Amino acid sequence: MKTAAELYLIEEEEDKYWLGESNYQPMLDEFGTIALQVDDDDYQGDSRVLYCDGERWGWLQFGWGSCSGCDALQACESIEEIQTLMDGLYTDIKWFSSTEEALQFFIDHDWKGDYSWYASEQQEFVTKVVALLKEV
């Protein structure tokens, strides 16, 4: 897997510099093959990602905001801090060892008890994941 420096540093001739970052997509793409992604359509919210890694499936959900006061990536002041954030997000991926295990989780989980169930994007994600996993 590429490091944060490889994903976010800009190189010009012999100089490397970083301008600050607000785009999570490079690291999300680096974590694995994205089978499904649903992001809130707002200035702040959640991203939900379903990864496929052979027989394994992974689920990552995390929140983001519109400024450095409410968004972890925008609050990073160095490439090292981005790497720490990236490592933490990767560690937060919940991996399932089989399609059956993932499907059972998405069917049985108490989604209505989660903080984000009110969001139409959350309901859309869960519905699409269940349909996708049933097709596999």
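The values are calculated or read from the model by the stated rules, or taken from the named source; none is laboratory data. All values derive from a computational prediction rather than experimental measurement. Quick reminder, even Gly has a Cβ in these numbers, built from the backbone with ideal geometry, and neighbours come from all protein chains shown.
Report yes if some residue within region 26-42 is exposed (fewer than 14 other Cβ atoms within 10 Å of the Cβ), in contact with a strand residue (DSSP E or B) (Cβ under 8 Å, 6 or more places away or on another chain), at pLDDT below 95 and of a type in the set (D, E, K, R); otherwise report no. No: zero hits.
For Asp110, the conditions (1) surrounded by 12 or more Cβ atoms within 10 Å (Cβ to Cβ); (2) farther than 20 Å from Tyr8 by Cα all hold with the exception of (1). In region 1-13, the residues that are farther than 14 Å from Cys76 by Cα form no Cβ pair under 6 Å with any partner that is among the hydrophobic types (A, V, I, L, M, F, W, C) and modelled with pLDDT under 80, whether six or more places apart or across chains.
Every residue, every condition in (1) of a type in the set (S, T, N, Q); (2) surrounded by 17 or more Cβ atoms within 10 Å (Cβ to Cβ); (3) in contact with a helix residue (DSSP H, G or I) (Cβ under 9 Å, 6 or more places away or on another chain); (4) modelled with pLDDT under 95, yes or no:
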| site | (1), (2), (3), (4) |
| --- | --- |
| Cys67 | no, no, yes, yes |
| Cys70 | no, no, no, yes |
| Leu85 | no, yes, yes, no |
| Asp92 | no, no, no, no |
| Leu103 | no, yes, yes, no |
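Limited to region 52-65, what total is found for residues that are touching a helix residue (DSSP H, G or I) at 6+ places or on another chain (Cβ under 8 Å) and closer than 12 Å to Ile34 by Cα?
First, the residues of region 52-65 that are touching a helix residue (DSSP H, G or I) at 6+ places or on another chain (Cβ under 8 Å): 55, 57, 59-60, 62, 64-65.
The next check asks that each one be closer than 12 Å to Ile34 by Cα; those that pass are 57, 59-60.
Going through region 52-65 one residue at a time, the tally reaches 3.
The set of residues in region 112-136 that are within 13 Å of Asp46 (Cβ to Cβ), in contact (Cβ under 8 Å) with a residue 12 or more places away in the chain and of a type in the set (A, V, I, L, M, F, W, C) comprises Ala119, Phe125, Val126.
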